[in-house]
Amino acid sequence: MPSVRRATWILTAALAGGGGTLAAAALAQAGPEPALSPSATTWHAPIPVSGRDRVYTADQTSNTVSVIDPSSHRTLGTIKLGDQRVGGTLSPQYLGDVGVHGLAFSPDHQRLAVVSVTSNTVDIIDTTTNKVLTTTDVGRAAHEGSFTADGKQFWVANRGRDTVTIVDAVRGGVIANLPVGRGPSKVVMSPDGKHAYVNHISLPEITVINVASRKVEDHISGLGDSFSSDQAISPDGTQLWAAHKRAGKVSVVDLVHRRVSTILTTGPDTNHPQFADSRGGKYAYLTMGGLDETWAYRLTGGTPVLTAKIKNNGHAPHGAWASGDGSRMYVGLEKSDAVDVIDTTTHKVIDTIKSGQEPQAVVYAPRAAAAGSAANLGRQGLGQQARNVPTTLADGTAGETLDTAKGRVLEATIRPVGGLDMVQLQARRLTANTVYQAYSVAADGRKTPLLSFTTDANGGAPMVLGFSSFDGKSISIAAKGAATPVQQAVLAYQGSMHGHAVKAADLIYCDCC
């Protein structure tokens, strides 16, 4: 085994994925207290921010859930669900969760569902005690889901099994598995609780399921792309926004007539639609991971109007959720290990709160716990924030220069984990189907081989991971030649099956964002 200074252990994964946070049922999206009745179909009454509210983030690298008090903008601690990467997760005796990724809360705000995309588990957590009540094994590459209106079931989409698993949210265990078509990514519920809507990473459609009969009732076709990473339903149940992360588009679906009403052209790594009814009006928000921005669209009754491009205070905005009164939007910064607080009236970032490592899903649960409560919380993943370092492309130009339409060509994020550093690269617009070597560049210009990766047919490598000891000042890359037919076939196959291109490390980690 090499020394720690020269790459104690290298694990490389090139993952090309979409997806994002896990939305709760529409009843919980901005619901008043007590929860709405199943017949409610209007924008919800506001709930003022208080010390009883909680913001949660699903932290994929620290395998934790961060618990934040929005009244004080303070992180109270983290709920540990597994070991921090890399830790003991490689051991055959490992028993914890891996890839903590998705979140949802029950309509009464008293239970939190956490989906771990790599261990394929759903944990139900008591929001008062922060203790895990049940853990259920679900389908391959389980991603995101929602509670039913009565809070007794949790429906989660399994990207790798073409099914939706229905989890008993009270006692734990699987109730049923529903075939729904290729690559289901997320389940959201209608405000009246009668229908479940499923987007896909391999089909340009929304699948409509009758909740009572558990039967597929309809297919809404004509979406802007076959890969939909995330989706959200408006509180009045009339619109569904499906984000197409790879294509930089959003399909706006008219749920009354069950048809696509418009397709918005957005930006690189478009993700996580969320809705807010603030003093400034009704808005839909989208995170633009490739631009470090959150976009706000005013809902007019016709084509949504882009009103603001909000500059985030960090890198790769991912999950988002509004406060109970709509006055704040909370946005997780995946590559900065923090949460931005956006004032929805001024559309400005007013604070940034540190979180666990690599936040994915973000949810805001009004009245979830007693004021001042921080029961059973730890500190795993806190105080270990990621940092971005400069990059140089093969032709000697700067890779991190931001193109306002296409994003950066090459981003590099360094994050401390378990005595090592997690090196994370994201590439766009490189030469297609090409093998690249990445180097750690010291202050004196000395280069040390770090890891290699292969671009896909579009010249991208949305997620490259390596674990070593990184002491460089920047990262540079050099093209090493065309990918072999076998490498291209593996990338194409795994991209079609699971929504991301992977190497061997995908057996351990899923970074399907």
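Here are some notes:
- Lys/Arg +1, Asp/Glu -1 at C-beta; the chain dipole; positive extreme among PRO70, GLY418, GLY396: GLY396
- Charge tally in the Cβ shell below 13 Å around VAL250, where Lys, Arg are +1 and Asp, Glu are -1, VAL250 excluded: 0
- When the P(r) is computed for the stretch 285-430, the part past 22 Å accounts for 48% of the Cα-Cα pairs.
- Net dipole in debye of the chain [+1 Lys, Arg Cβ; -1 Asp, Glu Cβ; about Cα centre; nearest 20]: 560 debye
- Where a label projected 7 Å from the Cα of ILE175 along Cα→Cβ would reach, residues of the stretch 187-207 with amide N under 19 Å: 187-198
- Both radii are taken from the alpha-carbon atoms of the stretch 330-380; with Rh as the Kirkwood radius, Rg/Rh is 1.01.
- For the stretch 89-182, the fraction of alpha-carbon pairs lying more than 23 Å apart is 18 percent, rounded to a whole number.
- Counting only Cα atoms, the size of the stretch 216-287 along its three principal axes is 35, 30, 18 Å, in decreasing order.
- Scoring 343-352, 460-469 by mean Cβ neighbours within 10 Å over their residues and listing the highest first yields 460-469, 343-352.
- The fraction of accessible area contributed by carbon and sulfur in the stretch 54-365 is 47 percent, rounded to a whole number (1.4 Å probe; ligands and nucleic acids excluded).
- Charge sum, other residues only, whose C-beta stays under 13 Å from GLY399's C-beta, Lys/Arg counted +1 and Asp/Glu -1: 0
- In the chain, the DSSP-assigned H stretches of four residues or longer account for a calculated mean residue ellipticity at 222 nm of -1000 deg cm²/dmol, using -39500 (n - 2.57) per stretch and the full residue count as denominator.
- Distance histogram for the stretch 351-468 (every C-alpha pair counted, 10 angstrom bins, percent rounded to whole numbers): 11, 35, 29, 15, 9, 2
- Long-range lysine pairs (8 or more apart or interchain), the stretch 54-365, Cα under 13 Å: 5
- Folded to 0 to 90 degrees: helix 485-498 orientation relative to the chain principal axis, Cα: 20 degrees
- From the coordinates shown, Cα extents along the principal axes in Å corresponds to which of (i) 110, 52, 49; (ii) 75, 65, 49; (iii) 64, 47, 45: (iii)
- Summing charges over all other residues whose Cβ lies under 14 Å from the Cβ of ASP69, with Lys and Arg as +1 and Asp and Glu as -1, gives +4.
- Ligands, DNA and RNA are left out, and with a 1.4 angstrom probe the accessible area of the chain is 34 Å² per residue.
The values are calculated or read from the model by the stated rules, or taken from the named source; none is laboratory data. What you are looking at is a predicted structure, and each value in this text was computed from that prediction instead of being measured. Here Cβ is always computed from backbone atoms with ideal geometry, including for glycine, and neighbour counts include all displayed protein chains. Heads up: the accessible areas ignore ligands, DNA and RNA and are worked out on the full protein's heavy atoms, side chains in. Shrake-Rupley method; radii C 1.70, N 1.55, O 1.52, S 1.80 Å.
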